[in-house]
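Engineer: Shown below is the structure under consideration.
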Amino acid sequence: MNSMNGLEDNRPLVLDVDGTFLKTDLLFESFWAGMGQAPWATLKATLKNFTRPAKLKSELAGIAKIRTDLMPVNPQVADAAMEALQRGREVSLASASNERLVEGLAREYGLSERVFASSASKNMKGETKARALVAAYGSGGFDYAGNAPVDKAIWAESHTALVVGHATAAKSLMKGGKLVRSYDGGWQMRDVLRAMRPHQWVKNVLLFLPMLAAHDFSLASLLLVLTGIVSFSAAASSIYIINDLLDLEADRLHVTKCNRPFASGAVPISVGMMLSAMLGVFALAAAAWLGLAFFAVIILYIILSLAYSLRLKRMRWIDIATLAGLYTIRVIAGAAAIQG
């Protein structure tokens, strides 16, 4: 699905940022960095500006300090950009992310100082971005790399469409006579499963202890405890994902943790957020089925786990006490499960 024709000319090469040049999203990066650095200010800004994306991006960019130099890039797109620079072509970034972040990213990679990005009042996305690029370069006067359906408006105005991980769009553009160059993108289920850390579920066998201590080996008790283990496993995976999203920068600086699914860009942050929410809802639904006592215990587990991820893990001795408490809660949960 590649067409190299048209990329040999000296037209400007314009790159989308989120999911195209970067294997991540600057808005979500800002949100989770903000949740780690200033959680209350981040939540306040998010709730206040939830329906005003441009303003939200601007405020989060001001709250959170993020290192774009550590963020994973799409190697194929980065190679195309470096090749274009070597040929003397202008390579610009055009993104719906906030202008402060996009300008910094352009400087870090030696790209054109001319960027097209969102301000506090304008969301540089879709038709708005298309109009800005046409005003700057003319219709058909630039090549554009993007990854999302909203980029169709920009591809339509470009000379050559560089499509990242959107096979349907690439085929449609080619049928329409557009010059197309396609790149790999997307994510794999094995990486999503890895983000859930299923090897950690073994800790939840502690829920069996009260049943064993009571010498209660009935099928009914076994099924109740197994349901409790499933509930705790889902809750734990939900929290592990949140913990990884809070630790993106720290993980990228670590020699091995940099390979974690979200830190490496193998799985989009948006997928992690949706998965964490789904796992959390499932865990609570299963807990509610087991009764009020078990539901209260898992709520306590979730609150303590979130507190650990947000603050307690950075407090000496308290972090150890918290981890011990989380193991104890599992035993209490086992007792609550068989009591019904």
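Engineer: Springs between alpha-carbon atoms under 10 Å, Gaussian network over the chain: tell me which of 154, 66, 299 tops the mean-square fluctuations.
Structural biologist: Result: 299 has the largest fluctuation of those listed.
Engineer: What residues qualify as long-range amide H neighbours of residue 11, i.e. H under 5 Å apart, gap of 5 or more or another chain, H built at 1.01 Å from N?
Structural biologist: Amide H neighbours of residue 11, under 5 Å, 5+ apart: none.
Engineer: Could you give the dipole magnitude of the chain about its Cα centre, charging the beta-carbon of Lys and Arg +1 and that of Asp and Glu -1, in debye to the nearest 20?
Structural biologist: Magnitude of the dipole: close to 520 debye.
Engineer: Under the Karplus relation 6.51 cos²θ - 1.76 cosθ + 1.60, θ = phi - 60°, what is the ordered set of whole-Hz ³J(HN,Hα) values for the range 59-72, x standing for Gly and Pro?
Structural biologist: In residue order, the calculated couplings are 5, 5, 5, x, 7, 9, 9, 10, 9, 5, 5, 8, 6, x Hz.
Engineer: Using each residue's phi in the range 238-249, evaluate 6.51 cos²θ - 1.76 cosθ + 1.60 at θ = phi - 60° and report the 3J(HN,Hα) Karplus result to the nearest Hz, with x for Gly and Pro.
Structural biologist: 4, 6, 4, 5, 4, 4, 5, 5, 6, 9, 4, 5
Engineer: Calculate, in nm to one decimal, what residue 292 and residue 52 gain on full extension: separation in residues at 0.36 nm each, minus their alpha carbon distance.
Structural biologist: Full extension from residue 292 to residue 52 adds 82.5 nm.
Engineer: Oh, and also: Could you tell me which label, among (1) 1.06; (2) 1.08; (3) 1.00, carries the value of Rg/Rh (Cα atoms, Kirkwood Rh) calculated for this structure?
Structural biologist: (2)
Engineer: Sequence-distant or interchain residues sharing an amide H contact under 5 Å with residue 94, placed H: which?
Structural biologist: The list, which skips near neighbours in sequence, is 15, 16, 17, 116.
Engineer: Right, another one. Using 0.36 nm per residue of separation minus the Cα-Cα distance, give me the extension gain between residue 122 and residue 257 in nm, one decimal.
Structural biologist: Full-extension gain reported as 45.0 nm.
Engineer: Relative to the present Cα-Cα distance, how much length would full extension add between residue 107 and residue 131 at 0.36 nm per residue of separation?
Structural biologist: Value of the extension gain: 6.2 nm.
Engineer: Pop a pseudo-label 7 angstrom from the Cα along the beta-carbon direction at both residue 193 and residue 43 and give the gap in nm to one decimal.
Structural biologist: 3.5 nm
Engineer: Give me the Å³ per residue figure for the convex hull around the C-alpha atoms of the range 189-339.
Structural biologist: Roughly 110 Å³ of hull volume per residue.
Engineer: Express as a percent, rounded to the nearest 5, the fraction of DSSP beta bridges in the chain (both residues included) that run antiparallel.
Structural biologist: DSSP beta bridges in the chain are roughly 5 percent antiparallel.
Engineer: Go ahead and run the numbers for FRET between residue 79 and residue 226, Cβ-Cβ distance against an R0 of 51 Å, rounding to 0.05.
Structural biologist: My answer for the efficiency is 0.55.
Engineer: Now, a different point. Run the simple label-point estimate for residue 172 and residue 339 please: 7 Å along Cα→C-beta, distance reported in nm.
Structural biologist: In this crude spin-label approximation the distance works out to 5.7 nm.
Engineer: Now a separate question. What residues have an amide H closer than 5 Å to that of residue 147, excluding those fewer than 5 places away on the same chain, when H is modeled at 1.01 Å from N in the peptide plane?
Structural biologist: 164
Engineer: For the chain, modelled as a GNM with alpha-carbon contacts under 10 angstrom, which of 20, 42, 128 fluctuates the most?
Structural biologist: Of 20, 42, 128, the most mobile in the Gaussian network model is 128.
Engineer: If you don't mind, there's one more thing I want to ask. Round to the nearest 10 and give me the degree value, 0 to 90, for the angle of helix 99-108's Cα axis relative to the longest principal axis of the chain.
Structural biologist: So the inclination is approximately 80 degrees.
Engineer: Now, a different point. Angle check, please: helix 292-310 long axis (alpha carbons) against the longest principal axis of the chain (alpha carbons), in degrees 0 to 90, nearest 10.
Structural biologist: Around 50 degrees separate the two axes.
Engineer: Enumerate the calculated ³J(HN,Hα) couplings along the range 39-53 in order (Karplus 6.51 cos²θ - 1.76 cosθ + 1.60, θ = phi - 60°), each rounded to whole Hz, writing x wherever the residue is Gly or Pro.
Structural biologist: Working through the residues one at a time gives x, 5, 5, 5, 5, 4, 5, 5, 5, 5, 10, 4, 9, 10, x Hz.
Engineer: A further question follows. Where Lys and Arg each count +1 and Asp and Glu each count -1, what net charge lies around residue 102 among other residues with Cβ under 15 Å from its Cβ?
Structural biologist: Charge balance near residue 102 sits at -1.
Engineer: Also, quick follow-up: Looking only at GluC sites (Glu not before Pro) in DSSP loops with at most 12 other Cβ atoms within 10 Å, what is the longest site-free stretch of the chain?
Structural biologist: Excluding the exposed sites themselves, the longest stretch runs over 114-340.
Engineer: Let me ask something additional. Expressed as an acute angle from 0 to 90° and rounded to the nearest 10, what is the orientation of the C-alpha long axis of helix 26-37 relative to the principal long axis of the chain?
Structural biologist: 40 degrees
Each value in this text was obtained by applying a stated rule to the coordinates, not by laboratory testing. Only a predicted model underlies this, so the values are computations on that prediction, with no experimental measurement involved. Glycine also receives a Cβ, built like all others from the backbone with ideal geometry; neighbour counts cover every protein chain displayed.
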